[in-house]
Amino acid sequence: RMNHLKLNYRHNRNHEPHFISNHEIREHAAEIRQQMNLGERRGITLDDFKRIERLSVNRVDYDLWTDFEHPVRGDDGSPVLGVFEYSPESCADSVSISVAPPETDSSGFLVLSTFAHELGHAVYDGPALIVRHQNPPLLGLDAAGTAARAFRTVVDSQDHLGKVAQSMPKHIQFAENRANEFMGALLVPKDLLMEAILEEAPKHALEVKYGEEHLFAESLDGSAKIMWCEATYDMSLWSITRAVAPQFGVSPLFIEVRMLKYGIIPGEGRPN
């Protein structure tokens with residue numbers, strides 16, 4: 001059935017988001033997962049995403065158009081993974097997400113991560129775009145006096161879904177990092193990841209301890225922390241990420257990044 005997703009967060013009078021912390025983004029992603037009726041299911045599927053047809057964010061209502069079937073190209077005509085676009089000349093009250101179909105079965109996770117990233121733009125950038133069009137003096141016009149394409153973001157490669165280029169303007173960097181954090185939290189929430197790790201840990205000679213400040217001093221929230229066993233055991237970070245990744249439909253590297261982001265493993269001195 002169709003999903004109509006609803007969300008509210010702090011924003012200014014133009015419906016642009018105020019500073020939103022990673023903690024808040026993760027809460028928003030959890031709300032979206034709940035509204036997608038995922039329950040405690042770990043992996044999101046392409047069919048789950050295809051059912052999203054409408055958004056109501058900060059009381060701004062707009063449709064979400066999606067395309068998963070056709071190649072996607074950037075402004076220069078080169079193939080890209082996906083785009084988020086607002087085109088008021090097509091429909092003033094909708095945004096669109098186009099994601100290129102996977103080239104191989106093993107690259108299917110790129111479709112999920114690209115869509116989740118672009119959905120982050122739809123959630124955090126969409127309301128301001130819609131409201132700006134509804135207020136004509138704020139809308140840019142091209143030389144002919146017609147409404148120009150208001151917004152377009154492109155995911156040109158897998159690297160874009162990890163580390164945002166520092167050469168981008170600061171406000172673009174901020175928006176891209178926000179979309180990436182939303183993507184990560186939506187596809188691999190911390191609580192479900194920790195649950196999966198606790199299930200897999202005994203199979204990989206991995207000991208889990210709780211609330212011990214000497215493990216990772218930068219994370220004092222008392223949640224479960226992983227302590228890698230001594231060299232007595234022959235194990236690696238790859239073994240645990242490889243076991244957990246299929247449960248979420250992502251890559252082992254994606255799991256490693258989320259483990260680092262959530263403070264489950266330390267940023268320095270982690271195992272090979």
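Taking every residue in region 73-101 that is within 22 Å of Leu55 (Cβ to Cβ) and pairing it with any residue that is open to solvent by 40 Å² or more (accessible area, probe 1.4 Å) and of a type in the set (Phe, Trp, Tyr), at least 6 positions away or on another chain, the pairs with Cβ-Cβ distances below 7 Å are Glu85/Phe151; Tyr86/Phe151; Ser94/Trp65; Ser96/Trp65.
Taking Ala217 and the conditions (1) at pLDDT below 65; (2) among the aliphatic types (A, V, I, L, M); (3) crowded, with 19+ Cβ neighbours inside 10 Å, which numbered condition does it fall short on, given that it satisfies the others? All conditions pass for Ala217, except number (3). Every residue in region 7-62 that is within 26 Å of Val131 (Cβ to Cβ), of a type in the set (Ser, Thr, Tyr) and either surrounded by fewer than 15 Cβ atoms within 10 Å (Cβ to Cβ) or free of Cβ contacts under 8 Å to residues at least 40 places away in the same chain (or both), please. Result: Ser21, Ser56. Identification of strands (runs of 3 or more DSSP E) wholly contained in region 1-112 with 2 or more residues that are of a type in the set (Asp, Glu) yields 60-67.
The values are calculated or read from the model by the stated rules, or taken from the named source; none is laboratory data. Keep in mind it's a predicted model, so treat the numbers as computed, not measured. Counting neighbours? That spans all protein chains shown, and the Cβs are built from the backbone with ideal geometry, glycine included. Quick note on the areas: whole protein, heavy atoms, side chains included, nothing else; ligands and nucleic acids left out. Shrake-Rupley method; radii C 1.70, N 1.55, O 1.52, S 1.80 Å.
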